[in-house]
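Here's the structure, in structure tokens; my notes come after.
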Amino acid sequence: MVRGKIFIHQEQIGGVECSILKSRLTVASVVFSLMLFAVSLPLVGAALLGTPEHLVWQGDVYSSGVPVTSLVLEQSVPYRIVAQGMWFYDNPNSLAADAQYFTNSSLDTWDWLNHFQNDSHSFLQIDGQDVDWGPFSNGDTGHIYSLYYTGEDASIAFAIVDWMDQNTANNVCHLHLRIYTEATVGGHIVDSSPPDAVNVLAVGVLLASLAMVPIVVHHKKT
Ligand SMILES: [Ca+2]
């Protein structure tokens, strides 16, 4: 983007000097962009590598509709709640749902041929409230959904609501729930090693780009 703006400005000015200036500014912008790239790499790498998590609770929530209560989630602590799996709201006809979506395709498989939402309701609720579990996850991604939740020094209750036929007698299977919190590490190796490794790569890229500057300048002048 920076390079494009400089190019347009030079074309409006015209002339030999502008051509040289364009070369210098272009090289400078390339080096500047590479420096920004190098600086941002540790953050990007850390984001890609993810933050270590610690599993603090897990349980199964059955399609019978009976609520399942978690452990006490500490005040102001951020948690990640993960819901996985599918259940059958009409087992005789092999009609399934997951935490958020249902299918009317009668196939006894995790790979659904279609999926729908039941208005604004979620099948898996927390404390009797609907939840937006996000985009659809089919069999290839395991019907897995997650959300972040801040603890309020209390447990929370999960329950499956059968919005389809309101009949739990023909339901089977369950959803598996897991709750994670960020892992606490005592040292620095776990957190610092991945960014350091990325930094080495970033420095290498930067040095290689600087070595290319004379070549680019020579190319632009010719
Ligand atoms: Ca049912």
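The values are calculated or read from the model by the stated rules, or taken from the named source; none is laboratory data. The shown structure was predicted, so the numbers you read here are calculated from the model rather than taken from an experiment. Cβ sites come from the backbone with ideal geometry, for glycine too, and all protein chains shown count toward neighbours.
Below are the figures for this structure:
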read-out: Residue that is surrounded by the most Cβ atoms within 10 Å (Cβ to Cβ) [pool: residues in the range 141-187 that are small (Gly, Ala, Ser) and in a strand (DSSP E or B)]; value: Ala159
read-out: Within the range 68-140, strands (runs of 3 or more DSSP E) holding 2 or more residues that are away from the ligand (no atom under 16 Å from the Cβ), in the same structural domain as Asn167 (by TED's automatic domain parsing) and surrounded by 20 or more Cβ atoms within 10 Å (Cβ to Cβ); value: 78-84
read-out: Of all residues making up the range 135-159, the number that are of a type in the set (A, V, I, L, M, F, W, C) and within 12 Å of Tyr101 (Cα to Cα); value: 2
read-out: Hits in the range 106-124 (condition: out of contact with any strand residue (DSSP E or B) (no Cβ under 7 Å at 6 or more places or on another chain) and farther than 18 Å from Val172 by Cβ); value: Asp111, Leu113, Asn114, Asp119, Ser120, His121, Ser122
read-out: Hey, Gln129 modelled with pLDDT under 95 and more than 28 Å from Ala183 (Cβ to Cβ) or not; value: no
read-out: Candidate set: the range 161-186, residues that are among the β-branched types (Val, Ile, Thr) and in contact with a helix residue (DSSP H, G or I) (Cβ under 9 Å, 6 or more places away or on another chain); chosen: the one nearest to the ligand (Cβ to nearest atom); value: Val172
